[in-house]
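Visitor: I have a structure I would like to understand better, so I am pasting it below and will then ask my questions one at a time.
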Amino acid sequence: MGTEGVVTELNTIEDVVRILRERPEVLEEVRRLILTDELLEMPARLAKLTRIVEEQGKVQLEQGKVQREHSETLREHTETLQEHTELLQEHTELLREHDNKLDMLIGDMLERRASRLLLPRLSQEFGLRRVRVIYHPSMLQSLDSAFLRDVENAADNSVITDEQERRLKLTDLVMRGIRKDDGANVWIAVEASGTIGERDVERSLESADALRAVFGEAVEAVSIGNRIRPEDLARANEMGAAVVIAELNV
């Protein structure tokens, strides 16, 4: 409906306001003249935007809830994994301790068996008598204290180096005998191993050099084991170390 039915005379602003209040169709027509379509549609758009924002807010709240649940689950899994890791570390340490104890036991048995096997072999090969074990690492301190005291005194007086002192204390067997032809003392540095390798030979020679420096007497380097490769045997012969092949299985 247009404004053609309006016949009231409009002289003041109050007249205009009164007509707009009394005639809604006039007010709507004025609105259309003054306001653009975009402004007129703004309330509907704002309402729609409000609904969209509210829906997005609900979705974000739900996603946040799911994320918190996932975070809690992840935290629980992390704690469980940490507990399992700690248990595995404890078991690994226990296994390592058992392995070390087993290695020490096997090594001690090998060394004791080696000493029994070596006594007749050394007596024959080097022309010795009264061959006996002076030291090996698992001996009681009361039995090897004299040997260790001599070694430590030599290190304190710079007769041997700290590394040579350590090498002697790690030597599998230190034996001593008396040479039959002249009655001289002969020291024997022994390395025992299932399979004799080049490093076993080198260690026996290093121990022999240190013994010679400490006691100033004849020394022999010996490696004893179940087997040795031909090239390592040739190397041992070239370096002046004796090799004794004997069954050392425990």
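The values are calculated or read from the model by the stated rules, or taken from the named source; none is laboratory data. What you see is a predicted model, and the numbers here were worked out from it, not measured in a lab. Positions of Cβ are backbone-derived with ideal geometry, glycine not excepted, and every protein chain shown enters the neighbour counts. For accessibility, only protein heavy atoms count, side chains too; no ligands or nucleic acids. Shrake-Rupley method; radii C 1.70, N 1.55, O 1.52, S 1.80 Å.
Visitor: Give me a count of the residues in the range 1-31 that are modelled with pLDDT of 70 or more and surrounded by 10 or more Cβ atoms within 10 Å (Cβ to Cβ).
Guide: 17
Visitor: Might you let me know whether the range 139-146 holds any residue that is surrounded by fewer than 17 Cβ atoms within 10 Å (Cβ to Cβ), part of a strand (DSSP E or B) and modelled with pLDDT of 70 or more?
Guide: no
Visitor: Of the residues Ile188, Ile196, Ile224, which single one is farther than 17 Å from Met175 by Cβ and not polar (S, T, N, Q)?
Guide: Ile196
Visitor: Go through the range 177-214 and count every residue that is open to solvent by less than 10 Å² (accessible area, probe 1.4 Å), out of contact with any Ser or Thr (no Cβ under 7 Å at 6 or more places or on another chain) and not in a strand (DSSP E or B).
Guide: 3
Visitor: Which condition from (1) under 23 Å from Asp150 (Cα atoms); (2) open to solvent by less than 30 Å² (accessible area, probe 1.4 Å); (3) among the small types (Gly, Ala, Ser) is the one that Ala218 breaks?
Guide: (2)
Visitor: Of the conditions (1) in contact with a helix residue (DSSP H, G or I) (Cβ under 8 Å, 6 or more places away or on another chain); (2) open to solvent by less than 80 Å² (accessible area, probe 1.4 Å); (3) not polar (S, T, N, Q), Arg235 clears all except one; give me its number.
Guide: Looking at each condition in turn, Arg235 falls short on (2).
Visitor: Could you run through the range 207-237 and say how many residues are touching a Phe, Trp or Tyr at 6+ places or on another chain (Cβ under 8 Å) and not basic (Lys, Arg)?
Guide: 7
Visitor: Sticking with this structure for a sec: May I ask you to list the residues in the range 157-192 that are farther than 17 Å from Tyr135 by Cα and in contact (Cβ under 8 Å) with a residue 12 or more places away in the chain?
Guide: Once the filter is applied, which keeps residues that are farther than 17 Å from Tyr135 by Cα and in contact (Cβ under 8 Å) with a residue 12 or more places away in the chain, the range 157-192 yields Val159, Ile160, Arg179, Lys180, Asp181, Ala184.
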